[in-house]
Amino acid sequence: MAETAIESVTAELAALEDPKMREANRKRGDDHGVNLSALRAVAKRLKTQHQLARELWATDDTAARLLSLLICRPKAFGLQELDTMLRQARAPKVHDWLVNYVVKKSPHAEELRITWTGDPDQVVASAGWALTTERVAKKPEGLDLSGLLDTIEADMKDAPDRLQWAMNHTLAQIGIEHPGHRARAIDIGERLEVLKDYPTPPNCTSPFAPIWINEMVSRRSGA
């Protein structure tokens, strides 16, 4: 199926294009006009087809790449291939899905985390911090949490937006998951004031680390 499906699948994605959706996505930095629920429905029908996923990625079309990430086999990608894909993934949604749906499931995740975190490209570095946040929450053994806080304290305030957001998430996760580091994480957040004034919709938790940490800890304690 994969050998003959690429044309029909890309035609189907083109038919799903909605100019209003494209304009809404454009404001967030994404250049596609396909409703994500419709995209997921296509992926559910196609199921896992790794070769087709590779072909969709190669089109360089954002909607096609999002679909490819839903139907690929994450563990089938090599380390260098994932590194190349991340550097090609300039649309924020493609970047996020690649990291969360593919790289986090890869046997190369830890090596890429280390490589990416120190990359001079802020988008690539933000992927490294996203993987670090995952480890802080799920597999913190061996992580230097104090060292991470040192880096966040020194660099987060002046980091570019996407990198700053990713580092802030790591800061909050350390405070939420590790009581021994909670006071310092909150103190760093309070002093740096990163995302303190971020507009937060009603019933949503602020991304400002001190509020975020206290809210999640309170929820878990049942307070």
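The values are calculated or read from the model by the stated rules, or taken from the named source; none is laboratory data. Because the structure is predicted, anything quoted here is derived from the model rather than measured. Neighbour counts are summed over all protein chains in view; Cβ atoms, including those assigned to glycine, are modelled from backbone coordinates with ideal geometry. Surface accessibility is based on the protein's heavy atoms, side chains included, excluding ligands, DNA and RNA. Shrake-Rupley method; radii C 1.70, N 1.55, O 1.52, S 1.80 Å.
Checked against (1) open to solvent by 10 Å² or more (accessible area, probe 1.4 Å); (2) in contact with a helix residue (DSSP H, G or I) (Cβ under 6 Å, 6 or more places away or on another chain); (3) in a helix (DSSP H, G or I); (4) under 29 Å from Thr133 (Cβ atoms), Gln51 passes all but condition (4). Please state which of the following conditions Asp61 fails to meet, knowing it meets all the rest: (1) at pLDDT 95 or above; (2) touching a Ser or Thr at 6+ places or on another chain (Cβ under 8 Å). For Asp61, the exception is condition (1). Restricted to segment 134-164, and to residues there that are touching a Leu at 6+ places or on another chain (Cβ under 9 Å) and either closer than 20 Å to Tyr101 by Cα or in contact (Cβ under 8 Å) with a residue 60 or more places away in the chain (or both), the residue that is least open to solvent (accessible area, probe 1.4 Å) is Val136.
For segment 13-27, the set of residues classified as in a helix (DSSP H, G or I) and open to solvent by 60 Å² or more (accessible area, probe 1.4 Å) consists of Ala14, Ala15, Pro19, Lys20, Arg22, Glu23, Arg26, listed by residue number.
Total residues in segment 98-116 satisfying the condition of being crowded, with 22+ Cβ neighbours inside 10 Å and among the polar types (S, T, N, Q): the figure is 0. Could you tell me how many of the residues in segment 90-101 are more than 18 Å from Lys139 (Cα to Cα) and at pLDDT 95 or above? The qualifying residues number 5.
For segment 14-36, the criterion of being touching a Cys at 6+ places or on another chain (Cβ under 9 Å) and either under 20 Å from Val123 (Cα atoms) or modelled with pLDDT of 95 or more (or both) is met by no residue.
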